[in-house]
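Engineer: This is the structure I want to talk about, given as structure tokens.
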Amino acid sequence: MTVSARRVLLLVLAALGAYTGGWAYFLTGSWYRSFPGFGLSWLPVLGPYNEHLAKDTGALYLALAALSCCAARWAGDRRLTAVTVLTWLVFSVPHLVHHLRHLDMYGTTDQVLNGVVLGFFAAAAAALAVPAPCAVRARPRPRR
């Protein structure tokens, strides 16, 4: 993946993290009642409202967004990108697995969207793990 493509994908992750995190942290009740938005509501079926848990979730997503912004800014830095990839994978893979094991409480559309949305985060992190192509250097011409 090129550095430009890496930067774009990191910015998409940052935007989605900021959307979820900002909403969950600053408008906790609204987030609980109507996340992910667009007329859908995935959280009330998971259990009773818990402000502390919602704020912690928001703070986590905001932290992921901040890390992703930094990694996008310095997208050529392999170590920072690797840390960002690892962090997203450590969060998104268990998150995806948990939700895939508990889809029975949703209708078909919500089941599919849960898998697609949460799968996107894991797939995006995995895509970022693909090393950037190395620049091919031209061999210097011998002097005569």
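Engineer: Against the conditions (1) open to solvent by 30 Å² or more (accessible area, probe 1.4 Å); (2) assigned to a helix (DSSP H, G or I), where does Gly76 fall short? Just the number, please.
Structural biologist: (2)
Engineer: Being in a helix (DSSP H, G or I) and in contact (Cβ under 8 Å) with a residue 60 or more places away in the chain is the filter here; which residues of segment 36-50 pass it?
Structural biologist: Val45
Engineer: Hey, among Leu118, Leu62, which residue is open to solvent by 40 Å² or more (accessible area, probe 1.4 Å) and assigned to a helix (DSSP H, G or I)?
Structural biologist: Leu62
Engineer: Moving to a separate point now. Might you check whether a residue that is closer than 18 Å to Val130 by Cα, open to solvent by less than 70 Å² (accessible area, probe 1.4 Å) and not charged (D, E, K, R) occurs anywhere in segment 90-106?
Structural biologist: yes
Engineer: Sticking with this structure for a sec: Please indicate, with yes or no, whether at least one residue in segment 19-35 is open to solvent by 40 Å² or more (accessible area, probe 1.4 Å) and not in a helix (DSSP H, G or I).
Structural biologist: Among the residues of segment 19-35, at least one is open to solvent by 40 Å² or more (accessible area, probe 1.4 Å) and not in a helix (DSSP H, G or I), which makes the answer yes.
Engineer: Please go through segment 87-124 and pick out each residue that is touching a residue at least 24 places away in the same chain (Cβ under 8 Å) and β-branched (Val, Ile, Thr).
Structural biologist: Within segment 87-124, Val93, Val117 qualify.
Engineer: Okay, next question. Does any residue in segment 51-72 that is under 22 Å from Ala5 (Cα atoms) come within less than 7 Å, Cβ to Cβ, of a residue that is basic (Lys, Arg) six or more places away or on a different chain, and which pairs are these?
Structural biologist: Final answer for the pair search is Ala72/Arg7.
Engineer: I'd like the full set of residues that are among the acidic types (Asp, Glu) and at pLDDT 95 or above, limited to segment 44-97.
Structural biologist: Listed by number, the residues that qualify are Glu51, Asp56.
Engineer: Then there is this: Only one residue in Thr2, Thr81 is in contact with a Lys or Arg (Cβ under 7 Å, 6 or more places away or on another chain), in contact (Cβ under 8 Å) with a residue 24 or more places away in the chain and of a type in the set (Ser, Thr, Tyr), so which one is that?
Structural biologist: None of the other options fit; the residue is Thr81.
Engineer: Ala15 - would you say it is part of a helix (DSSP H, G or I) and either open to solvent by 50 Å² or more (accessible area, probe 1.4 Å) or modelled with pLDDT of 95 or more (or both)?
Structural biologist: Yes; evaluated as a whole, the condition is true for this residue.
The values are calculated or read from the model by the stated rules, or taken from the named source; none is laboratory data. None of these values were measured; they are calculated from a predicted model. Using ideal geometry, Cβ is built from the backbone for each residue, glycine included, and neighbour counts are taken over all protein chains shown. The accessibility values were calculated without ligands, DNA or RNA, using every heavy atom of the protein model including side chains. Shrake-Rupley method; radii C 1.70, N 1.55, O 1.52, S 1.80 Å.
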